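Student: One structure, pasted below without further comment.
The values are calculated or read from the model by the stated rules, or taken from the named source; none is laboratory data. All values derive from a computational prediction rather than experimental measurement. As a convention, Cβ positions derive from the backbone with ideal geometry for all residues, glycine included, and neighbour counts pool all protein chains shown.
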Amino acid sequence: MRLARLLFLALTLLAPLVVRAQREKLSPEDLAFVEKTWPEAKKTNTGIRYIILQEGSGNLIKAGEKVAVLYVGRLLNGTIFDQATEKEKAFVFRVARDQVIQGWDQILQEMKLGEKRLVVIPAELAYGTRGQPPKIGRNAALVFEIEVIEIKRD
């Protein structure tokens with residue numbers, strides 16, 4: 001009986017965490033647009049949608065590793081707000097060290113060297129309710145094409 005109570009208590013405390021991880025993070029309008037535009041997109045358990053455009057090779061990127069990426073960042077309407085498309089000017093940072101938005105830290109840990117993905121990041125995992133004026137408005141879902149061109153495992 002005591003074990004049953006402990007199990008019930010544990011499930012009661014953990015249930016909100018599971019529900020939060022699985023709830024939809026895109027607004028209904030954004031979700032409809034994404035599902036219509038990229039119907040083949042897969043979804044992570046945190047709500048990021050992605051399409052693998054080019055397979056990578058080797059091991060998955062780990063937290064703390066330094067990566068160099070090429071990318072184009074767009075709003076859902078297609079407006080480019082940022083980009084690094086030349087190998088000489090690649091964006092270099094450490095993964096999962098709060099140097100980029102949460103969505104990037106999460107999706108990059110599911111990528112490999114040479115991999116290229118189209119990624120739709122909900123506002124909650126991007127710039128949230130504040131946005132990043134003037135280019136990125138409040139509660140904006142973002143679309144990126146990200147290509148991992150180098151992993152520095154030091």
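Student: All but one of (1) under 17 Å from the mean Cα position of the chain (by Cα); (2) farther than 20 Å from S57 by Cα hold for G137; state the number of the condition that does not hold.
Tutor: All conditions are met except number (1).
Student: Right, something else. Checking G78 against (1) touching a Phe, Trp or Tyr at 6+ places or on another chain (Cβ under 9 Å); (2) within 20 Å of G131 (Cβ to Cβ); (3) assigned to a loop (DSSP other than H, G, I, E, B), only one condition comes out false. Which one?
Tutor: Here G78 clears every test but (1).
Student: Please go through the stretch 29-49 and pick out each residue that is assigned to a loop (DSSP other than H, G, I, E, B), surrounded by 15 or more Cβ atoms within 10 Å (Cβ to Cβ) and without any contact (Cβ under 8 Å) to a residue 24 or more places away in the chain.
Tutor: None - no residue of the stretch 29-49 is assigned to a loop (DSSP other than H, G, I, E, B), surrounded by 15 or more Cβ atoms within 10 Å (Cβ to Cβ) and without any contact (Cβ under 8 Å) to a residue 24 or more places away in the chain, so the list stays empty.
Student: Pairs needed: first member in the stretch 124-150, exposed (fewer than 15 other Cβ atoms within 10 Å of the Cβ) and assigned to a loop (DSSP other than H, G, I, E, B); second member anywhere, among the aliphatic types (A, V, I, L, M) and modelled with pLDDT of 95 or more; C-beta distance under 9 Å; at least 6 residues apart or different chains.
Tutor: Note: pairs meeting the criteria are T129/A123; K135/L75; G137/L75; R138/A123.
Student: Taking the stretch 82-122, which residues are under 10 Å from the mean Cα position of the chain (by Cα) and assigned to a loop (DSSP other than H, G, I, E, B)?
Tutor: I101, Q109, E110, P122
Student: Taking only the stretch 4-49 into account, find how many residues are within 24 Å of L108 (Cα to Cα) and at pLDDT below 80.
Tutor: 6
Student: Are any residues in the stretch 77-100 crowded, with 17+ Cβ neighbours inside 10 Å and in contact (Cβ under 8 Å) with a residue 40 or more places away in the chain, and if so, which ones?
Tutor: A90
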